[in-house]
Structures are given as C-alpha cells and as structure tokens.
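Please read the structure below before turning to the comments.
The values are calculated or read from the model by the stated rules, or taken from the named source; none is laboratory data. Nothing here was measured: the structure is a model prediction, and the numbers come from that model. Cβ atoms come from the backbone with ideal geometry, glycine included; neighbour counts cover every protein chain shown. Heavy atoms of the whole protein, side chains included, go into the accessibility calculation; ligands, DNA and RNA do not. Shrake-Rupley method; radii C 1.70, N 1.55, O 1.52, S 1.80 Å.
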Number of protein chains: 2
Amino acid sequence: MQYQAPANDLRFLLFDVLGADTLHELEKYADATPDLISAVIDEAGKLAAEVIQPTNQTGDRQGCHYDPETKSVKTPDGFKEAYAKFVEGGWTALDAPIEFGGQGLPHTLKFVVDEMVCSTNLSLGMYPGLTHGAISALHTHGSYELKQTYLEKLISGEWTGTMCLTEPHCGTDLGLIRTKATPNDDGSYAIEGTKIWITGGEHDLVDNIVHLVLAKLPGAPDTTKGISLFVVPKFLPDSGERNPAFCGGLEHKMGIKGSATCVMNFEGAKGWLVGEPNKGMSAMFTMMNEARLMVGMQGLGLAEMAYQESLAFAKERLQSRSLSGPKNPDGPADPIIVHPDVRRMLMRQKVLNEGMRALALFTGHQLDLSVAHPDDAVRENADDLVQLLTPVVKAFLTDEGYNNANWGQQVLGGSGFTQDWPLEQLVRDGRIARIYEGTNGIQAMDLVGRKLALKGGQLVRALFAELTGYLKDNPDAPHREELKVSIKSLEQATLWLAQNAPKDPEQAGAAASPYLRLMALTVIGYLWSRMAGVAHRQLDAGEGNTPLLESKLVSARYYFEKLMPEADWLLRDIDSGKDSLMAFEDQHWMA
Amino acid sequence: MQYQAPANDLRFLLFDVLGADTLHELEKYADATPDLISAVIDEAGKLAAEVIQPTNQTGDRQGCHYDPETKSVKTPDGFKEAYAKFVEGGWTALDAPIEFGGQGLPHTLKFVVDEMVCSTNLSLGMYPGLTHGAISALHTHGSYELKQTYLEKLISGEWTGTMCLTEPHCGTDLGLIRTKATPNDDGSYAIEGTKIWITGGEHDLVDNIVHLVLAKLPGAPDTTKGISLFVVPKFLPDSGERNPAFCGGLEHKMGIKGSATCVMNFEGAKGWLVGEPNKGMSAMFTMMNEARLMVGMQGLGLAEMAYQESLAFAKERLQSRSLSGPKNPDGPADPIIVHPDVRRMLMRQKVLNEGMRALALFTGHQLDLSVAHPDDAVRENADDLVQLLTPVVKAFLTDEGYNNANWGQQVLGGSGFTQDWPLEQLVRDGRIARIYEGTNGIQAMDLVGRKLALKGGQLVRALFAELTGYLKDNPDAPHREELKVSIKSLEQATLWLAQNAPKDPEQAGAAASPYLRLMALTVIGYLWSRMAGVAHRQLDAGEGNTPLLESKLVSARYYFEKLMPEADWLLRDIDSGKDSLMAFEDQHWMA
C-alpha cells in the first residue's frame, strides 16, 4: 500500500496547536508562511510516497555490497536515482543556512520531512541525515575557509557527510579513542586509525564524502577533554586527489540493510581541524544533538508506517464476528477491526504516534524560537526546553516507535512475520534507533546526569513553568485532573533526584530510564490536553476537519485512561531506588 | 559463548519450591525420583549446549530450501545429525505413553527440556515439538488401529508430525476452512485443500511425516462445529505409497529460518478420521493447548539465552567508570555491568525469566498432578489451574520473553544489532512466538471469554484459593503486603469482568489483554514470594546454594519494587472499559 503523509495532523499540530503559523512573523523565518509550510508538507508527502517508498523493500532485500578490490560500496538499485531526486527537489537544503545555498526554513519543517522519509525508507534517509549533522558542525565550529570549501556542496547534496566517532573498543566512552591526528607542515593533519559503524562511510550516491572524525592530537589527555574534530574528505577538494580514508568492509545487520555501515580505515588521510584543539566533544555534540532529534523522528516515522499498514490490514482481513453482532453480514466474517483487542493495538499506535509527533514538533518549534525569536528571554527559555527534551525525544520516540511497529506487526498475525508484508522490515529497521546516537540508557543518563543539573536546574524549571502555566491559564483544560496528577508525579520524581542524586550518583543512574519515560508521558499528556482543547474549541465553532477533531477527543481520552496511568508505576520504580539493582555480587548473576 | 542450562534454578524450583521431589510417590511417576529428574536436567543441558546450540547460527544463515522439482525441503546443515542425536537420546519419548514406547515421565520434565532446546535452537526444536502435539491428539482421540499404526514411530522420533490448521483465508477463525474430506470406499477419506504455515510440513530429517489435518466432511456445518480431524501420512504406512500431500513452497520469514514453514497441498490425499466426525475442534485443542504451553517455553528459552549472552557481554565490555568510583582501576574503563542502568536491564531479564520459569513449572506440575494424583479433587483442581493458566503461560512468556530478548540486545549496544552476535537472531526468532498457536490477543480472549466462564467460574476460584490459601498459611510470607495488593487488584478486575462482560462481551474484549497480564504478574508475584520464603528458610538453616538463595531474595525485592506495581496500571486500564476503544467510526482512523 502507498504511504499517506499525515498532512492533516501536521497542519493541525503546527498551525492550530503549536502556533507555527506565526513563525513568519520572525525576521529569520519571514518566508515560512502557513501557505509555504503547507506546500512543503504536501510536496514532502508526495516525494516520500512516490519516490522514496518504492526503494524500501529492494533496499532491504539487496542490501549494500562491498568490493574489496576497489574498496567501494554499491547501494541497492534505485537508491542513486531516488537520492538524486531528493537533491533535485532541494530537500537537503531545507533548513540549511542561506549564505551557503540553503533555504533557511524553520527546523520544524526538517522534523516533518525526516518523519516522512523515515516512514518510507529509513536506510535511504540516513545518507542525507548524517550529512545534515556534518553541515551543522562545520557551520557552527568550522573556520571561514572550511565553510567556504565544504558547506555549499554538502547543502546542495552534491556531497554527503559522515560522523566518525566509534572505534572497536569504544562507543559510549569516547575518551578511549585511539585515532591519532599528527600535524602536517601545511596546517593539515595526518589522521590514522580505525572507525566502525560509520553510516555512509562509503557509497556510490555522490562523488565525494566528507568525514567528520574524532581524533587525538599528540600529547592530548586520555579523556574526552583530549578529543579534537577533523574534517577528512574522501577526495581533496583542491586537487581532487584520493585521500587515504578507505572503507574496510560493511557490517552485517539485523536491519537498515540499505544503509552502508562501514568500517573506515584512515591511513594517514589529510584532515583539517574543526574548531579548537581538544574541544572536539563540543563540536561533536552539535552533530549529536541534532542527530538525536532526527533519530527520534525515525522511531516515529517507522511507527506511522506500521500504523497505516496494520490499519489497512485490519479493515480488509475477515475473521470471526463482532462480539456485538455481525458488522459485515453478507461476508463470511467481519473485518478484524471490529474486535476490541485489535482496536486496542491500533489505538495504541495512533494515539501514541500522534502524541510523539506532538512532542517532537513542540521541541522543533522551540528550536526555531531558540534561534529566531527577538526576545533574549524567549530564546533562552526555548533553548532550555530543547536541551532538556532532546534525550526524551530520542529515547521515547525510538522505544515506543519500535513498540508500535511491533504492535502493527501483531495486528497482522502470521502475515506480519512473513516477508510478504512490510511490517517485519519496519521492526528490524526500527530496532537500531533505540541503540545508535547514544543508546536510550545513555539518553536517560544525559537527562538526569547532565540536563537536570545544567544552569542550576533551570531547564527542568522551564518545563514545569510551561506545564503549570498551562494549567493556570486553562482552568477547563481537558483531562486537567489526570494531567495534574502526572505533573505532580514528575515533580516528586524530580525532587527525589535532587535529594538523592547529589550524595549518590548511582541513585540517578537507577532512576534515569523511568524518569525519562515519566517526563515523556507527562509532556505528551500536556500536549494531548492541548490538542483536545483545540478540538473542543474548533468543534464548538464549527471550524476545521470534523473527523480529525472528533478523533482527537477520543484519542485524548484513550491516552489518559489507558496510557497515562503508567506514570504512577514509574514513580514507584524511581522511588524504590538503586538497592535492588546494585545488590548483586559477581556470584549471584549465574548462581 | 556456550549455553549453560539453568540447572540450579530448576532444581531449586522443582524440589525446594514446587514439591516435584515427591512426584515419584504417585504410582504413574514412580520412576521420577529426584535423582532421575536431576539426571534428566543435566543430560538435557549437555545435549542443548553440545549438540543443539552449534546448529543455531547455521540454521539461521542457511535457512531451509525448497526444490520445486521434487517438492522436497532441505534443512540446514547439521540439523539432520542433531535431530538424530535427539532421537537417539530418547528425548522425543520423554513424557510419551509407555505402552507405545514412551518413557512416561512427568510433563514438567518436558517443559524443562523444551526450554533448553529453545534456548539453543528454536527452529530445530519445532520439528519434535509439533510431533509431540500429534502424539497427544492421536493418543487421546485416535482409534486403537490409528494408535497402533502411528504412535510408536512418532514417539521414537523415527517419524515426525504436523498440525495442519490454517488456510490462506483463515487462521483464528477456523470455522471458515475449506479443506474437504470425501469418504473413500475403504473407510479412509480423500483430503483436498491447501494449508499454509505448516511447520515441518516437509523436510529431510525423517522418512515419513504424519499430518494432522482439519477438514470438512460433506454437508458439515459452516462453523467450527463442522470440522473434523484426519491423520494424513506422507507415505502410507502399509504400502509405503506416496500420498499426494505435497509441499508447494516455503514462507520467507523474519526468523526461525531453520524451521520449514510450508504451504501444503492435499490433492486427494488419503486420510483417516481421528475421533468423531465434526468433533475435530476438540481434538485440535488437545494439540493446541499442549502447543501453547510449549510456545510459552520458547519465549522463556530465548530470553534465558539472551540473558546469558548479555550478562557475559556486560562483564567483558569496558566502557566508562562506575559512578561510585573505579571498579577496574588497572583497566582503561570499568565493565559496563557496574552501571545501574545496565544492571536494570540485566536484573529485569533475570528476575522476569526466573519468575516465568516458576509460572511455567508450577503449571507443568499441576498438569502432572491432574493426570497422576489418586485424589479426584486434587486432579480436578489441578486441571482447572492448568486450563486457566495455559493462555497466561503462552502469552505472558512470549511477550516478556521477546521483551527480554530485546533488553539483552540493548545491553550490547551497536554489537547487538550486528549479526556477529546472536542477540539479533534471538529477537527475530522470538517474534513469532507472540503470534503462532493463537496470537497473544487470542490467548487473552480465551482466558476471559472461555476460561473464566467454564464450570461457573470454578477455574479462577481455584486460583484465588491457591493464592489466598498461601497468604493464610504464611503469615510471614515475604512481600506479603505487596502481594495482597496485587491479588486484590486481580479480584477487582475479575469482579469487573463478572459484572460487565455478560451484558456486553465487548467489555471482555477490551479488558482481555491487560487482565491476562495482571493475572500473570500476580501469580508470578505469588511464586516470587514462595521462592523468597524458601530462600529465607534455607539460608537460616544453613542449607542449599548460598549465592542462589541470596540472589532469590534480591530478585524478589526487585520484582515487588520495580515490576509488580504495573498491576495498578493494568487495573485502571481494565476499569476504564471499552469506550475509548470502540468510539472510532471509519472516518476517524485516517482523518
């Protein structure tokens, strides 16, 4: 079946709920009128359905192929053509800086497009996805010369970019990296070392690949404070000479088989320092934070596709009769969508997907405000929220995106397990998103270990101000009481962390994952209340898309009745602390 | 790494907790002394680790191959040899009836062996697994002649069996089947029709395959009351003639690639009626209920392997320092098992796996009592519990077995996504267990729609008697208060169903899945309390395996602190009823 972009939901969220219809009032986003945003949504939806989706299954079946002779990688049939159309449509340039050929549109739109691309071919989306991070790192931290040399071609999509962080012995703990950067006479550096799991490290979509590589300068400390970032092109931009940065092979993976996951050997390749020496981690985090938000959209994108596929199946598949009497009396049985337990699986997907979309676009909107709003205080507040919510978006959307893809697969029964249907691929592809760009456990540690402590707790205070401000301003907010309970739980959990984590950081580690989940559920609850509030107002006024507005009211109810009560469980988990986690000694694990 | 059978946990559970050490006092199980049970555990563990496990990865990589010329199926390298050793060791005959060459041992032991086989190669385990169901159906419902003809060779493993239920247009709703059985002159029937998803429908492990096929007699009603069961051998036992029951192809699946999942075409194949005409569903349920318990063990088996693999990884992989100071000061970093969030994933696996094993073996023990105890009332009570808990074991162990395999994969980070490690295969293989032998949604409907109503509610009363009897007899039961709360929640939910389901069966459908989960968590809580109680007593008495007993106390605490509180959430979900599930009309799903 053909993908159908969630255009109505996007317009409802962006314009009617989040206020992105006024983005064009900000000077930086003067072009981003509602008409233009709407046109982008429609065009991206068409591209995803017509150009990208047809490459998805082929990509999975063929995978990428490595030729050890030439050290080159062949992507699956159709990828090159689809990528070319993506570039041709200017999609790589969407929110990129105007001075280097970008369109300078709001980042929220990038989120929107990311979701659609990932719904229809996650593997293909990875190539421009990583490039985007490289653009940001160079734009934020690179010298004028580096920007001049690389940005235009990366933004146009003529070249692609990579992030080269992980080495065989270290992923999470980048302080351990061994890749070396030795100064050359000409101001460049000779990069030597091996990187693994490099997405798009080598491929045949474009003529040049620009690697952003973490490496250590001579004498640098053996910690993350001794890491520097380098730009290492496959071909040197001035001479066209081949730089010795070679692909040594591909990983064989559970999914995203169309995405070339490379071992990269840097054999004295020429690189140029990006930013200051030993400050590579900060430049890396520019890429990383952006990548984390994108990975969140991957989780959502796959879940949206799983929802559409399983919904279509549930409407077609005839099996057993409705418990309240035949709904398809002329057929041999009723479509399985009549069964409450099947609807439970569909509703869970729909309600959580829309909630996750709201959370992501709320964060995207704050990101736009954080760079474009004229008021310093608004910008700072928005940036606080973005920083706080980035790990939440990454972890929750990928965990629940994966769970929802699994629920979609479950709706199909045995068909879902066969390769005749796309669900099993969605599950396999989606599995990686919980792992890469920092596992979801690392996201939770980032939230409780770093983000809560930043600026003396100002980030989480900004969130509470948002939540309680909403309750104050909306005495008749839908599901107000349930939302209050959840906000209260989040406050209690935050207080628990404030009391326990400083004297025992392992308490923070024990609480991290349930705390992140509690925050996600609460913020999504807040957004479901807002969506239901808008739906009520519009229905009362006889405005808008009636079925969509009606669906929002039912979905909000489903959310507060069936999903939100998890918050109590999470609070009790947090509250019980680390003891039962930390008590085992070596002899207990396999006694 | 090599699989290590959970022999200590099994002995603790069977002998010290469940009382299987007295099984040999029952006449039927006179041979099943603790020594013999212990020897079976050890021998099965050796077989699994040494013979079965080495075939697992090959099986996945090679898969099964179909030859359209000969309509034959080749299993992966090594399967034939491993199956031969399985047969040689008498494992196919373990709990089979003695009069046809079986060993007549307790069914609990079959559960134990199933877990180990599925830990080490689920695909291979499917061949004898399905045979076992065919044996039971023939033994319970077949005529003397049919038993004489088939049972000995099925029990010895010389032949294998299948269950042929599903057709392209029907799986859950078997009333719709179209396969026809037309009487021949000689008392046999000509079977015509197509069956799909037939495990082991065709393969090269043995010389003959015995299909148990659901089909309709001429003029039979168009419902499940018109279904009859037939035995259809690949080769006719008397003449050796090839019966026209041909494999038409194999499914391409997400996992269990070493298990031949066949399309079977019955082209007038000779079959013999098993049991009475039109009573095929009851015979089918003999196979099905047994298969459901076995599938539960599959979920557990895969989860146990995932635990062992991820534990070994977490002890080896060095990454970052412990939050409470270096634990491996001479190394570059600490093993990741020091981190609370990693321990959370490992503890979840261990505690839930051991709880699921306790639930399964409790059920297995009741199954043994239900067939072997001299007291009618004990037998009936045990049978009530087995019937009630069968869907619970199937659904909960496969849902949580899958989730735990995913947590194991998560512990490995990026490595878990590559095929260099076995985790991704465990996840892919485990996915099917939530689907086949009745999806887990169907299990939940079986529980609330059928099992709760049977005998006027006597089954669930038997469970409550067990639970409250335990609390009464054990005033100092560990975690008594938390357990009481959970039992109370289950009582409330049961009452809610009793009040709402009769007047509106859709309320039962809406509550089914969370109710099944609530029952599973409660019974497992009861068993964790019992395990902790035994551990306390043995530690006080200075008996037993100290590390194991200590681990049980910590694990019970983890269970009641971090997992059991989900029960409140489930109760609230149930309590909120069907409204938010059933409100959508057609236009709302994709508004």
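At the residue level, A:L250 shows approximately 30 square angstrom of accessible surface with a 1.4 angstrom probe and all protein chains present. Extending 7 Å from Cα along the Cβ direction at A:S324 and again at A:E99 yields two label points whose distance is 6.2 nm. Give me the extension gain from A:K472 to A:E50: residue separation times 0.36 nm, minus the current Cα-Cα distance, reported in nm with one decimal. Between A:K472 and A:E50, full extension yields 147.3 nm more.
On the principal axes of its alpha-carbon atoms, the stretch B:441-581 has extents of 56, 30, 24 Å, going from largest to smallest. Considering only B:I432, B:Y559, B:V342, the residue lying farthest towards the positive end of the dipole of the protein assembly as shown is B:Y559, judged by Cα position with unit charges set on Cβ.
Across the stretch B:160-278, the mean sequence separation of Cα contacts (distance under 8 Å, 6 or more residues apart), normalised by length, yields a relative contact order of 31 percent. Ordering B:S38, A:I198, B:V534 by the projection of their Cα atoms onto the charge dipole of the protein assembly as shown, which places +1 on the Cβ of Lys and Arg and -1 on the Cβ of Asp and Glu, puts B:V534 at the extreme positive end. Of all beta bridges that DSSP places with both ends in the stretch B:175-302, some 95 percent have antiparallel geometry.
All distinct Cα pairs of the protein assembly as shown go into the 1/r average, and the inverse of that average, the Kirkwood radius, is 31.2 Å. What share of Cα pairs, in percent, lie more than 17 angstrom apart in the stretch B:10-54? Here the tail beyond 17 Å accounts for 40 percent of pairs.
Give me the angle, in degrees from 0 to 90, between the Cα long axis of helix A:458-473 and the longest principal axis of the Cα atoms of chain A, rounded to the nearest 10. It is inclined by approximately 20 degrees. Distances between copies at B:I98, taken between label points 7 Å from Cα along the C-beta direction, are 9.1 nm in increasing order. Inter-copy label distances at B:D575, shortest first and taken from points set 7 Å along Cα to Cβ: 1.6 nm. Taking every protein chain into account, the 1.4 Å probe leaves A:R242 with about 70 Å² of accessible area, to the nearest ten.
If I fit a long axis through the Cα atoms of helix B:480-500 and take the longest principal axis of the Cα atoms of chain B, what angle between them do I get, 0 to 90°, rounded to 10? Taking Cα atoms only, the helix is inclined about 40 degrees.
Compared with the direct C-alpha span, the chain from A:D238 to A:T58 gains 61.1 nm at full extension, assuming 0.36 nm per residue.
Against the longest principal axis of chain B, how steep is helix B:376-411, in degrees 0 to 90 to the nearest 10, with axes from Cα atoms? Helix B:376-411 and the main axis of chain B meet at about 70 degrees. Considering only alpha-carbon pairs that sit under 8 angstrom and 6 or more positions apart, the relative contact order computed for the stretch B:441-581 is 33 percent.
Ordered by solvent-accessible area of protein heavy atoms (1.4 Å probe), largest first, the residues A:K451, A:K153, B:K472 come out as B:K472, A:K153, A:K451. Once B binds A, the 1.4 Å probe can no longer reach about 9000 Å² of accessible area, counting both sides. Spatially, the stretch B:525-545 and the stretch A:444-479 are offset by 45 Å when compared through their Cα centroids.
Probe of 1.4 angstrom, ligands and nucleic acids ignored: what's the accessible area per residue over the stretch A:121-260, in square angstrom?
Ligands and nucleic acids excluded, the figure is 33 Å² per residue.
In deg cm²/dmol, rounded to 500, what helix-only [θ] at 222 nm does chain B give when every DSSP H run of at least 4 residues adds -39500 (n - 2.57) and the total is split over its residues? Computed mean residue ellipticity for chain B: -17500 deg cm²/dmol. A 1.4 Å probe, protein heavy atoms only, puts the accessible area of A:M582 near 40 Å². Cross-linked pairs A:K257/B:K257; A:K71/A:K234; A:K80/A:K270; A:K552/B:K562: Cα-Cα separations exceed 21 Å for A:K80/A:K270; A:K552/B:K562.
Note: relative contact order over the stretch B:7-147, using C-alpha pairs below 8 Å and six or more positions apart, is 22 percent. Solvent-accessible area of the stretch B:441-581 (1.4 angstrom probe, protein heavy atoms only): carbon and sulfur portion equals 53 percent. Where the alpha-carbon atoms of chain A are placed on the principal axes, they occupy 79, 65, 58 Å, in descending order. Copy-to-copy label distances for A:S239, where each label lies 7 Å from Cα along Cα-to-Cβ, are 8.3 nm in order of increasing length.
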